[in-house]
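Worksheet: the structure to be examined is printed underneath.
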Amino acid sequence: MNNNQIKLGFIGLGFVCQQCHLPTFSINPNFKIEAISDPYEDLRKNISTRYGIKNIYASHKQMLKESDIDAVVITLPRRLTYSVLKDCLNKKKWVFTEKPLCLNLENAEEILDLSLNKKRSIYVGYMKNSDSGTRLFKKEFNSKPLDNIKTIRAFCHSGYSYASPFGDIKGKKLNDLEYNLEDYPTWLNQDLYFSYEQYLNTFSHITHALEFITDNQLYFINYHGSKLGEGFLSALMSKIKSPVIIETTRGEQNEWIEGIEIFYNNSFMSINYPAAFLRNVPATIKISKGGDYSSTEIIRPQWSWSFLNQTYEFYKMIISDQLNQKNLISSVNQIRLVNDLYKSLNN
């Protein structure tokens with residue numbers, strides 16, 4: 001890559017794209033939004049007017065064929081993402097995609113192999129890893145010995161997460177385009193489809209963050225809970241002997257409770273996350289220490305937005321001399337973890 005701006009194409013212009021990715025990539029000076037594609041004719045025209053984008057397409061395939069772009073941002077419904085990912089990698093584009101990577105583990109592993117083959121990195125948008133609080137929490141975690149850990153608890157109570165953002169444009173004039181829908185795993189019972197997809201979409205955020213903070217891989221042990229994915233997942237980690245519990249529930253109230261707690265011999269540390277679409281509100285860290293005296297420290301990082309931080313990380317990934325697949329590999333592992341959970345429910 002030269003020192004010029006990365007030419008960017010957007011595929012899918014819905015709510016998340018408008019609330020998070022268009023605003024942040026448009027103000028990052030390392031990128032220029034060169035083209036957009038969406039099946040809703042009025043939506044893509046309105047977005048092109050708002051952001052001054054001249055190249056607009058109904059089909060991502062037409063965009064990949066005709067536009068001069070280096071990278072793509074994909075924000076599509078989950079079952080559409082896999083085939084579009086393949087199309088973009090086969091055109092040797094750098095890819096930023098919303099999570100989860102895929103619904104099917106075999107497809108995710110295929111994407112990982114294709115990324116290697118085409119020598120193009122994929123950044124999967126688990127935005128908690130870009131949170132300023134997560135970065136500080138990871139630094140604090142790395143300062144402590146692993147063998148002092150007693151237990152680890154991660155939790156997510158999913159209430160109404162959107163925090164009532166406004167300003168997104170709705171499309172009404174839909175072009176008649178053909179899409180390739182990704183199949184659910186063949187072993188998965190049909191009555192679990194919705195729950196399986198929702199677990200991947202919502203709760204894999206906290207498991208991905210846990211792997212990022214600890215530099216460990218989660219391995220499924222067992223699960224106690226409902227077929228809606230509300231319960232307790234027990235896991236182990238590759239380099240940590242202590243047990244891990246992941247607690248997941250849903251609710252209808254305007255509340256989002258999500259975080260990680262780590263207990264040591266003589267101390268305790270936790271991180272708590274805000275609702276996903278609050279701008280410039282990073283996670284809060286709490287550190288308590290015992291021994292000869294007791295103290296508690298609350299750490300609130302400076303105001304920053306994880307979605308904006310992601311754009312700079314994606315840029316570093318593109319200009320790096322080496323193919324960076326750490327984020328992608330962990331994203332594949334989240335699908336493997338949820339596969340193992342739902343196989344236990346499938347019986």
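Only the coordinates and a few stated rules stand behind these numbers; no lab work does. It should be emphasised that the depicted structure is a prediction, and the values quoted were computed from it without experimental measurement. Glycine gets a Cβ as well: all are built from the backbone with ideal geometry, and neighbour counts include every protein chain shown.
Over the stretch 53-175, what relative contact order in percent results from Cα pairs under 8 Å that are six or more residues apart? Could you put the intermediate results ahead of the total?
Working: 88 pairs, mean separation 22.8, N = 123.
Dividing the mean separation by the residue count of the stretch 53-175 yields 18 percent.
The chymotrypsin sites (Phe, Trp or Tyr not before Pro) of the stretch 244-346 that meet both conditions, a loop assignment by DSSP and at most 14 other Cβ atoms within 10 Å of the site Cβ, are Tyr293, Trp303. Under 18 Å Cα to Cα from Lys241, which aspartates and glutamates show up? Leave out anything in the same chain fewer than 8 places away. Of all the aspartates and glutamates, those that pass the test against Lys241 - Cα under 18 Å, at least 8 places apart if same chain - are Asp147, Glu211, Asp215, Glu261.
For the stretch 92-141 and the stretch 38-66, compute the distance between their C-alpha centroids and round to whole Å. Value for the Cα centre distance between the two parts: 25 Å. The long axis of helix 306-319 is offset from the longest Cα principal axis of the chain by roughly 70 degrees.
Dipole of the chain, Cα-centred, from +1 at each Lys and Arg C-beta and -1 at each Asp and Glu C-beta, to the nearest 20 debye? Let's see the in-between values first.
Working: 40 positive and 36 negative charges, 154 e Å.
Here the size comes out at about 740 debye.
On full extension, the segment bounded by Ile329 and Asp183 gains 50.5 nm, given 0.36 nm per residue less the C-alpha separation. The helix-based estimate of mean residue ellipticity at 222 nm for the chain, built from -39,500 (n - 2.57) per DSSP H run of four or more residues and divided by its residue count, is -10000 deg cm²/dmol to the nearest 500.
Which of the pairs Lys316/Lys343; Lys119/Lys144; Lys99/Lys119; Lys227/Lys316; Lys61/Lys172; Lys91/Lys326 have their Cα atoms more than 31 Å apart in this structure?
Numbers: Lys316/Lys343 37 Å; Lys119/Lys144 36 Å; Lys99/Lys119 21 Å; Lys227/Lys316 40 Å; Lys61/Lys172 22 Å; Lys91/Lys326 22 Å.
Violating the 31 Å limit, Cα to Cα: Lys316/Lys343; Lys119/Lys144; Lys227/Lys316.
Label zone (Leu174, point 7 Å along Cα-to-C-beta; backbone nitrogen cut-off 15 Å) within the stretch 31-74: 38-44.
Put in line by how crowded their Cβ is, counting other Cβ atoms within 10 Å and starting with the fewest, Lys32, Lys241 read Lys241, Lys32.
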